[in-house]
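Structure record follows, encoded as structure tokens.
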Amino acid sequence: MDLKQAIKFKDKKKKEGLKSDGCTFSPDFWIRECCEVHDFLLHFDKCSRFRADWVYFLLMLKKAFPLAPVYYAGVTSRTFYVILTSSPWFDKSRQ
């Protein structure tokens, strides 16, 4: 799946009424679309996690070059998630 197909897939899923929380635990800034594409690929397509992450990274490079490595690290880091979700202020209802 190329970037244009990924964006079309996201648009199709949004028209079907499916939702995304955007850039979970991070500010959306002007890159919400990248995060939505990642969410829809990851949860509603039969592509691998690696493929969804890679498409996300490529979109981030196009839309927000300086932020791409930082956000990509956050998306792919299991350690970050474990630390975050084990903190006392984490809203468990979002899981």
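Per-structure values
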{"quantity": "Inter-label distance for Phe65 and Lys19, nm, one decimal - labels placed 7 Å from Cα along Cα-to-Cβ", "calculated": "3.6"}
{"quantity": "Protection proxy ranking of 56-64, 41-49 - average other beta-carbon atoms within 10 Å, highest first", "calculated": "56-64, 41-49"}
{"quantity": "Per-residue HN-Hα couplings for the stretch 52-68 [Karplus 6.51, -1.76, 1.60; θ = phi - 60°; Hz; x = Gly/Pro]", "calculated": "4, 5, 5, 4, 4, 4, 5, 5, 4, 4, 6, 9, 8, 3, x, 8, 3"}
{"quantity": "Aspartates and glutamates whose Cα lies under 14 Å from that of Lys15, excluding same-chain neighbours fewer than 8 positions away", "calculated": "Glu36"}
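Coordinate-derived values only; no laboratory data. These numbers were taken from a predicted model, which means no experiment stands behind them. Neighbour counts run over all protein chains shown; Cβ positions are idealised from the backbone, glycine included.
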